[in-house]
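The values are calculated or read from the model by the stated rules, or taken from the named source; none is laboratory data. On a predicted model such as this, the values are computed, not experimentally measured, just so you know. Because the Cβ atoms are built from the backbone with ideal geometry, glycine has one as well, and the counts that use them run over all protein chains shown.
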Amino acid sequence: EAGVTQSPTHLIKTRGQQATLRCSPISGHTSVYWYQQALGLGLQFLLWYDEGEERNRGNFPPRFSGRQFPNYSSELNVNALELEDSALYLCASSLGVGGTEAFFGQGTRLTVV
Amino acid sequence: ELKVEQNPLFLSMQEGKNYTIYCNYSTTSDRLYWYRQDPGKSLESLFVLLSNGAVKQEGRLMASLDTKARLSTLHITAAVHDLSATYFCAVDINTNAGKSTFGDGTTLTVKP
């Protein structure tokens, strides 16, 4: 069974541009979570989607946004990129509200130059 | 606000030795997780601990949870080089909030 898949693996963007990151959850999982892991820092919660709706949001500016599609895949969009947005972005999925553990994808390494 | 503290943050050990990583959290929790992360890689789930006194073991790793003390431990027995990685604990205080709060991670290096 396929795990959580993320694309692209690496992404290089220029400051001010927009980045779109994609995530496909494990089949049957309805919840998708996004985390940012900046170099030398821990994981910071970004967004949680379940059943197509945003359920919770971390302490990030509005230029971080996303959506979840009917097939439960998800997109994370980062507008007006700043150098400090450079990080590993991890997506995870779980069975849904009150569900059990989340399983993580391999991540997208975003570099802003 | 939930705070999760791990210690130590860096740990260098000799092969064959035992050691314990500690994870303290500041509020009552629904569940606690331990993950492993290899350099440049994603997180691999190791353990999910759901109740006070829970103990789980996999190979040379054993995790336990004391909800009264708000403390979890990850014990390493007879370390081997393959265990070198960063270990994170993460805590959910409300499964309906959807997010886990992670500790800063413990980077473990096992030397021959």
Checklist entry - Any residue at all in region A:10-19 that is under 22 Å from B:Phe88 (Cα atoms) and within 11 Å of chain B (Cβ to nearest Cβ)? => result no
Item to check | Candidate set from region A:27-39 (those that are within 12 Å of another protein chain (Cβ to nearest Cβ) and in contact with a Ser or Thr (Cβ under 6 Å, 6 or more places away or on another chain)); member that is surrounded by the fewest Cβ atoms within 10 Å (Cβ to Cβ) | outcome: A:Ser31
Checklist entry - Restricting attention to region B:13-26, which residues are over 16 Å from B:Ala90 (Cβ atoms), at pLDDT below 95 and among the polar types (S, T, N, Q)? => result B:Gln14
Next on the checklist: Any residue at all in region B:89-112 that's of a type in the set (S, T, N, Q), exposed (fewer than 15 other Cβ atoms within 10 Å of the Cβ) and within 14 Å of chain A (Cβ to nearest Cβ)?
Outcome noted: yes
Checklist entry - List the pairs whose first member sits in region A:83-97 and is farther than 9 Å from A:Tyr35 by Cβ, whose second member is of a type in the set (Ser, Thr, Tyr) and in a loop (DSSP other than H, G, I, E, B), and whose Cβ atoms are under 8 Å apart, counting only residues at least 6 apart or on separate chains? => result A:Ser93/A:Tyr72; A:Ser94/A:Thr100; A:Leu95/A:Thr30; A:Gly96/A:Thr30
Checklist entry - How about region B:1-54: which of its residues are in a strand (DSSP E or B) and of a type in the set (Asp, Glu)? => result B:Glu5, B:Glu44
Checklist entry - What is the number of the single condition among (1) farther than 27 Å from A:Cys91 by Cα; (2) surrounded by 13 or more Cβ atoms within 10 Å (Cβ to Cβ); (3) of a type outside the set (Asp, Glu) that B:Leu49 does not meet? => result (1)
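With B:Arg31, B:Arg60, B:Arg70 as the choices, which residue is basic (Lys, Arg) and within 14 Å of another protein chain (Cβ to nearest Cβ)? Step through it out loud before you land on a result.
Details: B:Arg60 fails: within 14 Å of another protein chain (Cβ to nearest Cβ); B:Arg70 fails: within 14 Å of another protein chain (Cβ to nearest Cβ).
When all the criteria are applied, what remains is B:Arg31.
For region A:58-65, indicate whether the set of residues that are hydroxyl-bearing (Ser, Thr, Tyr), more than 22 Å from B:Leu2 (Cα to Cα) and more than 11 Å from chain B (Cβ to nearest Cβ) is non-empty.
If we filter region A:58-65 for residues that are hydroxyl-bearing (Ser, Thr, Tyr), which is where we start, we get A:65.
Those left that are additionally more than 22 Å from B:Leu2 (Cα to Cα): A:65.
If we keep only those that are more than 11 Å from chain B (Cβ to nearest Cβ) as well, we get A:65.
Scanning region A:58-65, I find at least one residue that is hydroxyl-bearing (Ser, Thr, Tyr), more than 22 Å from B:Leu2 (Cα to Cα) and more than 11 Å from chain B (Cβ to nearest Cβ), so the answer is yes.
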Checklist entry - Only one of B:Leu61, B:Leu49 is at pLDDT below 95 and within 12 Å of the chain's Cα centre (by Cα); which? => result B:Leu49
Checklist outcome for this item: Given (1) touching a residue at least 40 places away in the same chain (Cβ under 8 Å); (2) under 26 Å from A:Gly40 (Cβ atoms); (3) surrounded by 13 or more Cβ atoms within 10 Å (Cβ to Cβ); (4) touching a Ser or Thr at 6+ places or on another chain (Cβ under 6 Å), B:Ser84 misses just (1)
